[in-house]
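A.B. asks: Here it is, the structure in full.
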Amino acid sequence: MIHSVGRGITHHPIQSWLVRNGHYQHGADGKLYSIYFSRKTPTTDNSGTFNTPLIAGSIADIKAGQHPCISLKSSSNLTRPKSSVNAHYTGLKNCVRIEAPGRPPIYVMDNHQMAYFAWHEAYTMGYIQRGSMLIHIDRHSDEFEPNRWSNAENLHAVADYTRNILWCGNFILPAIAKGLFDRLWTFLAGLEGPYYMTNHGLLSFTTQEARDLYHLGLLFAEQNPSLDIPAERSAFLPHLIRQQSNPKKLTIDIDLDGFVKKTHTGLLPTEEDFAQIVRFLAEICQKAGVVTIATSPGYADQNVAIPLARQLVHAIIS
């Protein structure tokens with residue numbers, strides 16, 4: 001149950017602003033919950049999994065949950081490869097919105113489709129502008145089409161669309177089709193060598209992928225932007241960031257599955273590897289208008305991804 005907060009209860013100035021603007025309210029447990037994702041609700045595709053609530057909190061709130069939030073074919077995640085039984089995965093107790101003065105708001109989520117809602121909330125609050133650049137750092141391109149497109153702007157409708165239509169592989173195209181982003185760079189951080197990016201800032205970028213995304217966007221003609229398709233097949237990521245002088249025109253989206261090996265696929269990164277990753281990503285994230293970070297249950301070991309998310313957020317807001 002959600003209770004409205006009285007004057008003076010919330011002392012954090014940014015959180016007080018969120019309450020005054022009607023986006024968040026205090027729950028019975030004292031946490032500041034999004035009015036759009038205020039409680040654990042069953043997912044539409046599997047009654048045994050639940051949508052994770054969204055709160056405005058701190059690094060301390062980035063912690064493991066107790067209820068499964070995603071169900072995948074076990075064969076797709078290399079657990080019991082010959083089995084077709086669904087495997088349920090547990091992510092975060094809450095998705096967490098964190099912001100410090102002078103830093104972009106950071107949304108830490110388990111299932112990556114929550115980024116779609118986060119981007120719209122950040123846009124509604126004035127943190128980003130339409131027609132901005134999206135830098136997507138991930139092990140996957142996440143370029144699937146949704147079963148249904150949406151031009152909804154109301155955050156209640158955006159939240160419903162996020163919950164009921166989107167999944168972790170199709171949340172980018174709808175945002176492009178609506179014109180929220182008109183430039184997309186996808187940096188694929190492969191598990192076989194994610195540290196190449198931290199050493200050189202260079203990851204492969206496939207021009208054809210961007211062209212495919214553009215043509216798929218044409219399916220949503222009412223709001224279709226002119227997607228900027230770079231001629232280059234690769235880019236030096238820090239240089240790309242330095243070209244963006246307006247934070248409101250830059251959104252950075254990171255899936256930690258690009259940096260976390262599951263225990264059955266090889267050795268986990270060392271603490272030194274993590275420190276290098278964190279320094280690199282934090283520097284570019286500080287230039288953005290909003291940052292979204294996914295821990296991706298089922299694709300990344302949450303015992304590793306969740307601590308990495310805490311380290312990364314701490315470095316961004318420091």
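A.B. asks: Per-residue HN-Hα couplings for segment 115-122, Karplus 6.51 cos²θ - 1.76 cosθ + 1.60 at θ = phi - 60°, whole Hz, x for Gly and Pro?
C.D. replies: Values per residue, Gly and Pro as x: 4, 4, 5, 4, 4, 5, 5, 4 Hz.
A.B. asks: Between residue 272 and residue 153, what is the spin-label point distance in nm, taking each point 7 Å from the Cα along the Cα→C-beta axis?
C.D. replies: 5.3 nm
A.B. asks: For 158, 291, what ranking results if the residue with the fewest other Cβ atoms within 10 Å of its Cβ goes first?
C.D. replies: 158, 291
Every number here is computed from the coordinates shown, using simple stated rules; none is lab data. Nothing here was measured: the structure is a model prediction, and the numbers come from that model. Quick reminder, even Gly has a Cβ in these numbers, built from the backbone with ideal geometry, and neighbours come from all protein chains shown.
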